[in-house]
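To keep things clear, I will list the structure first and then write my remarks on it.
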Amino acid sequence: MLALLGKKLGMTQFVNAEGHLIPATVLEAGPCVVTAIKNEEKHGYRAVQIGYGDVKEKHLTKSLKTIFQKGKLPLKKNLKEVRLTPQESYELGQEIKVDLFKSGDVVDVQGTSIGKGFAGGMKRWGWRGGPGSHGSMFHRRIGSVGASSFPSRTWPGHKMPGHMGHVKKNVQNLEVLKVDVEKNLMLVKGAVPGSGNSLVFIRKSLKMPGGVKQRVVVRKSEKKGPLAKGAKKTADTEKK
């Protein structure tokens, strides 16, 4: 599974072993509780439902309260279903912590971007706009949106002013810089969508499951091609 629910706490800076200053996001990852288990015999697939965030009983629906009471589980606010591989197995009520990840891992983080309300075309789509001088009367308008003779209408899906932000965004291949198991915190390189204390879903990267790719530095003498041969000849000539 290698996935957790958590929340974004904010951004900070991280200094690596080489002394480089890296912008990083602090995430509170877990602890999560397994609230339901799906199996192939009954449901047709293998998955677990994880819960995160304490909540009062009055804020839950009757059906959810019944599920938590039957399983003798703590009440959780946010629920998420995650598929399992054939080798993985979990028990009902099992607690999952941030020790799933370690420094050097690569993760995908899904969150809800910050809502910006109703935005015009220049802000929402990056349009250039009209002339900025006086008298043009066309500074930030959207302009023509459809031809007159054909099709005599606006094509569906045309970019226009409207609601901006507050959508699900998935940022891929973020490197885990540091993990604090005691405080359930993890530091990831770069930015994560959402405002402070917003819910995020963290899972192992789907495109880079092996971790961060190591950079291979090739010396000039090891390069292939005419440049390398020329360099070798020059060196031989200098020896003579």
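We did not get these values from a lab; they are worked out from the coordinates using the rules stated. Small disclaimer: the values here were computed from a predicted structure and weren't measured. We place every Cβ from the backbone using ideal geometry, glycine too, and count neighbours over all the protein chains shown.
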Practice problem: Alpha carbons only, please: Rg and Dmax for the chain, in angstrom. | Solution: 26.5, 90
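Which of the three applies to the range 118-164, rounded, prolate or oblate, going by the alpha-carbon gyration tensor with a ≥ b ≥ c and a/c under 1.5 meaning rounded? Before the final figure, lay out each step's value.
Values: a/c = 3.15, a/b = 1.28, b/c = 2.47.
Oblate, since a/c reaches 1.5 and b/c is not below a/b.
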Practice problem: State the answer as a single residue: which of 158, 211, 2 lies farthest towards the positive end of the charge dipole of the chain, with beta carbon charges of +1 for Lys and Arg and -1 for Asp and Glu, about the Cα centre. | Solution: 158
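Please sort by residue number the GluC sites (Glu not before Pro) in the range 41-142 whose DSSP state is loop and whose Cβ has at most 11 other Cβ atoms within 10 Å. Before the final figure, lay out the partial values.
Details: sites: 41, 57, 81, 88, 91, 95; in loops: 88, 91.
Sparse-neighbourhood loop GluC sites (Glu not before Pro): 91.
How do 151-157, 134-140 rank on mean C-beta neighbours within 10 Å, highest first?
Numbers: 151-157: 8.3, 134-140: 9.9.
Those peptides, ordered most packed to least, come out 134-140, 151-157.
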Practice problem: Using amide H atoms built 1.01 Å from N in the peptide plane, name the residues 5+ places from residue 194, or on other chains, whose amide H lies under 5 Å from its own. | Solution: 114
Quiz item: Can you list the residues, at least 5 places off or on another chain, whose amide H is less than 5 Å from the amide H of residue 165, using H built in the peptide plane?
Solution: 116
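What's the ranking of 9-15, 21-27 by average number of surrounding C-beta atoms within 10 Å, highest first? Intermediate results must be reported in sequence, preceding the final value.
Working: 9-15: 12.1, 21-27: 18.1.
So the peptides 9-15, 21-27, ranked by packing, come out 21-27, 9-15.
Counting Lys +1, Arg +1, Asp -1, Glu -1, what net charge surrounds residue 51 among other residues with beta carbon under 9 Å of its beta carbon? Walk me through the numbers before you get to the answer.
Values: positive: 76, 77, 80; negative: none.
Charge balance in the 9 Å sphere: +3.
If I stretch the segment between residue 181 and residue 84 completely, what's the gain in nm (0.36 nm per residue apart, minus their alpha carbon distance), one decimal? Don't skip to the answer; put the middle values down first.
On the way: separation 97, 0.36 × 97 = 34.92 nm, distance 2.33 nm.
Contour length minus Cα-Cα distance gives 32.6 nm.
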Self-check item: Modelled FRET efficiency - R0 41 Å, residue 42 with residue 119, Cβ distances, 0.05 increments
Solution: 0.30
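What percent do you get for the relative contact order of the chain when only Cα pairs under 8 Å and 6+ apart count? Could you put the intermediate results ahead of the total?
Working: 458 pairs, mean separation 64.7, N = 240.
27 percent.
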Quiz prompt | Note, ³J(HN,Hα) from phi for the range 70-84, Karplus 6.51, -1.76, 1.60, rounded to Hz, x at Gly and Pro | solution = 5, x, 6, 10, x, 6, 10, 7, 10, 10, 8, 9, 10, 5, 10
Quiz prompt | Links that overshoot a 22 Å alpha carbon limit, given the list 77/97; 97/168; 8/102; 7/72; 42/80 | solution = 97/168; 7/72
Practice problem: Provide the per-residue ³J(HN,Hα) series for the range 150-164, in order, calculated from phi with Karplus coefficients 6.51, -1.76, 1.60 and θ = phi - 60°, each as a whole number of Hz, with x at glycine and proline positions. | Solution: 9, x, 6, 6, 9, 5, x, x, 5, 5, 9, x, x, 5, 10
Quiz item: What is the spin-label model distance, in nm, from residue 60 to residue 207 if the labels are put 7 Å beyond Cα along the C-beta direction?
Solution: 3.8
Exercise. Search the structure for amide H atoms under 5 Å from the amide H of residue 84, placed 1.01 Å from N in the peptide plane, and list their residues when 5 or more places away or on another chain.
Key: 46, 47, 48
Exercise. Enumerate the calculated ³J(HN,Hα) couplings along the range 35-48 in order (Karplus 6.51 cos²θ - 1.76 cosθ + 1.60, θ = phi - 60°), each rounded to whole Hz, writing x wherever the residue is Gly or Pro.
Key: 9, 7, 10, 10, 10, 5, 5, 9, 10, x, 7, 9, 6, 10
